[in-house]
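This is the structure I have questions about; it appears just below.
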Amino acid sequence: MTLPGPNDWADWFRGKEFSQDWTSPHFPVWSEVLAPLRERPCELLEIGSWEGRSAVFFLEFLPLSRITCIDTFGGSPEHFANAEWRASVPKIERRFDANLAGYHGRFEKIRARSATGLDSLLVSHRTFDVIYVDGSHRRDDVLIDTLSSWQMLKPGGTMIWDDYGGGKNLPDVERAKPAVDMFLEMYAGDFTLVRKHYQMIVRKTPGDRKPTWLRWQVHRLGRRLGRF
Ligand SMILES: C[S@@+](CC[C@H](N)C(=O)[O-])C[C@H]1O[C@@H](n2cnc3c(N)ncnc32)[C@H](O)[C@@H]1O
């Protein structure tokens, strides 16, 4: 199977309006990792969409996919520290809408803080094949986004965190890495590592529900026995 390459990527973005490109360096790895999903319907969740570059890639690369995008469309603190990015912030939602307009029926936009948006999806019992965590890169936000969205990742599904290798000069509270590391330590055994680089990519263990349920029963039994 021949995968789309740089010429196809250029076609997908022609005529669309973007101010920044933090995303296309990840296309080769995403292509490799997501290739098995190209021929089947799949559901994606994206936390952090900006002007929609990653969402457009996913929708084009996975022709049978649908994507749910959560964003405040108000930018992140780091966008206000850079004059060029700050100037883009008031235009990002309009650009997202224009860039995604051609994919009518294949995307859902949730304009909200991620915690609120994720909770609304959780109570609706939504599940996803791929989750891309690229909203706030602050440690505590990443941890909350991860813990909420992991519950909605299907067994065998793929989770991608942006900026795992970023912000090396920043204090831990402002970096994604400590949150991702903490999460992976807590959930050791429930995933396989796909890639650990600037982005972290893992695959949820297929059928991990049974061991989790079993662990819970063992935990309950231990507590009951402890009472006698
Ligand atoms: C790095 S950008 C996303 C880039 C995008 N994935 C792309 O490919 O161009 C981060 C986005 O996260 C959004 N964001 C930051 N904190 C958020 C939060 N707490 N809840 C929802 N969105 C947030 C910002 O508005 C911004 O659009």
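Every number here is computed from the coordinates shown, using simple stated rules; none is lab data. Quick caveat: nothing in here was measured; it's all calculated off a predicted structure. Cβ atoms come from the backbone with ideal geometry, glycine included; neighbour counts cover every protein chain shown.
Rounded to whole Hz and in sequence order, give me ³J(HN,Hα) for segment 69-85 from the Karplus expression 6.51 cos²θ - 1.76 cosθ + 1.60, θ = phi - 60°, writing x for Gly and Pro.
10, 10, 7, 6, 6, x, x, 10, x, 5, 6, 8, 8, 10, 4, 5, 5
Could you pull out every residue, at least 5 positions away or on a different chain, whose amide H is within less than 5 Å of the one on I110? Hs are placed 1.01 Å off N in the peptide plane, and Pro or chain starts have none.
C69, I70, D71
Near the amide H of F191, under 5 Å away, which other amide H atoms are found, from residues 5 or more places off or on another chain, if H is placed in the peptide plane?
HN-HN under 5 Å from F191: T205.
Something else about it: Determine, from the Cβ-Cβ distance of W12 and A83 and an R0 of 30 Å, the FRET efficiency 1/(1 + (r/R0)^6), rounded to the nearest 0.05. Provide the component values of the computation, followed by the final result.
Numbers: r = 29 Å, r/R0 = 0.97.
About 0.55, to the nearest 0.05.
Would you list which lysines come within 23 Å of K91, measuring only between C-alpha atoms, while excluding same-chain residues fewer than 8 positions from it?
K16, K109
I've got another one for you. Taking a quarter of the surface of the Cα convex hull of segment 6-227, what do you get in nm²? Let's see the in-between values first.
Values: hull surface 54.6 nm².
Mean shadow area of the hull around the Cα atoms is 13.6 nm².
Pulled fully out, how much extra length does the chain show between A115 and M1, if you take 0.36 nm times their separation in residues and subtract their Cα-Cα distance?
Working: separation 114, 0.36 × 114 = 41.04 nm, distance 3.88 nm.
Answer, rounded to one decimal: 37.2 nm.
Quick check on packing: order 156-162, 94-100 by the mean number of other C-beta atoms within 10 Å, highest mean leading. Don't skip to the end; give the middle numbers.
Working: 156-162: 22.1, 94-100: 18.0.
Final packing ranking: 156-162, 94-100.
By how many nm would the segment from E32 to L122 grow when fully extended, if each residue of separation counts as 0.36 nm and the alpha-carbon distance is taken off? Mind dumping the intermediate values first?
Numbers: separation 90, 0.36 × 90 = 32.40 nm, distance 2.90 nm.
The span from E32 to L122 would gain 29.5 nm if fully extended.
Still on this model: Give, as ranges by residue number, the residues of segment 1-31 whose backbone N falls under 14 Å from the point 7 Å along Cα→Cβ of E39.
1-3
Mean 1/r over all different Cα pairs, inverted: what Kirkwood radius does segment 111-198 give, in Å?
Working: mean 1/r = 0.0745 Å⁻¹.
For segment 111-198, inverting the mean 1/r across all distinct Cα pairs yields 13.4 Å.
If you take every residue apart from C42 with its C-beta less than 12 Å away from the C-beta of C42, what net charge results, scoring Lys and Arg +1 and Asp and Glu -1? The partial results should precede the final answer.
On the way: positive: R38, R40, R66, R106, K154; negative: E39, E43, D129.
That sum, taken over residues with Cβ under 12 Å, equals +2.
Test of understanding: what is the full-extension gain from T205 to R224, defined as 0.36 nm times their sequence separation minus their Cα-Cα distance?
Numbers: separation 19, 0.36 × 19 = 6.84 nm, distance 2.93 nm.
My answer for the length gained is 3.9 nm.
Determine the relative contact order of the chain: mean sequence separation of Cα pairs under 8 Å and six or more apart, normalised by residue count, in whole percent.
On the way: 336 pairs, mean separation 36.0, N = 228.
It rounds to 16 percent for the chain.
Continuing with the same structure: Around P25, what is the net charge, scoring Lys/Arg as +1 and Asp/Glu as -1 over all other residues with Cβ under 15 Å from its Cβ? Working shown, then result.
Working: positive: R53, R195; negative: D21, E32, D134, D162, D163.
That sum, taken over residues with Cβ under 15 Å, equals -3.
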